[in-house]
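Beneath this line is the structure, given in structure tokens, with notes to follow.
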């Protein structure tokens, strides 16, 4: 199979620090897998380990039917009716097995192997590592991470500067010296953990059509592979309604060209024909199951193993890509935050300090405005900022 993943979307949602979380949440960003990054199914098998297919083992469900024999009271039935009932029952048993029984037994084997493969974490380890590397190297992870980190730095710097300046001017009319603390808060950086929407297994089943892996499985599966996988046990994967003898008689009446015979029988002969048909049908079906059930189950197991491996490789690749992408997104977001936070903090701190400082000065001189102040070119707050700030802390204790 040569399956190329056209697009793989991940929704990256940056979660901000405690002070940032109070604001409107960031909108999810839809990311498309770069074309140069390939899915697991298109990777060259350079180093991927191979795993031997296990034996299908015994059929995990019971298909044994009771052999009713022929009722003694039917021994004297018209031989022509008995012969026609036997012919009809034998034809129907073969048809029912081919159309329904074979598909159900194949499905049981497919289900068993599919769960065997996808429940084994070792099978997809190689593809996981490949996907993880591809995710870490994805340009979008770096680009989007830097963008979101810088956005959060702007907002966090504004809120932190506001809190620091407000604390300085708590007393009415106070005009303290500036005390900026632009060091990047470690707690805010640590809180920048991106939340990337995890891949969904159902999407992998849709991306790996069973026809591309096994034409036999496409022809014989009675259910969609994803719906089949979701069934908890082999018993749930098997529908035994096809063995019902009364339903088989209805099938014969609806499909066989000799069904006109039924209209020629009176009520008593119809009852005899029906009882003979059902008893012979069960006998014939029991023989077919004894002869073919295990073989068809093993064929389904082989096909399920092949398809399950294709799904497991792709599933593991996407999980690895998700993990690598999320890790790089986090790293880039933290880098972007650390790059711009000090600059944004200083800018907002300076602006807010001037506003508070001048407001405090005007509060001390009722009736006077900036227009009345001589030498309006440089405010007192600007002079304050020009003073030595050697006592500014290197880190932010908050």
**Study point:** Neighbour-count order for 80, 223, fewest beta carbons within 10 angstrom listed first
**Key:** 80, 223
Review point. Residue 183 to residue 224: FRET efficiency via 1/(1 + (r/R0)^6), r the Cβ-Cβ distance, R0 56 Å, to the nearest 0.05?
Key: 0.45
Check your understanding: Can you give the Rg to Rh ratio of segment 86-184, both from alpha-carbon atoms, with Rh computed by the Kirkwood formula?
Key -> 1.59
Revision key, fill the gap. So residue 122 and residue 260, fully extended at 0.36 nm per residue minus their Cα-Cα distance, gain in nm 43.7 nm
Practice item. Could you list 228, 133 in order of exposure, starting from the residue whose Cβ has the fewest other Cβ atoms within 10 Å? Key: 133, 228
Point to revise | Inter-label distance, nm, simple model (7 Å from Cα along the C-beta direction), residue 195/residue 253 | key: 6.0 nm
Check your understanding: From the Cα gyration tensor of segment 218-344, with a ≥ b ≥ c the square roots of its eigenvalues, which class applies: rounded if a/c is under 1.5, or else prolate if a/b is larger than b/c, or else oblate?
Key -> prolate
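Values quoted throughout were computed directly from the atomic coordinates according to the rules given, and no laboratory measurement underlies them. Everything numeric here is computed off the predicted structure, so don't read it as measured data. Cβ coordinates were reconstructed from backbone atoms using ideal geometry, including for glycine residues, and neighbour counts include every protein chain displayed.
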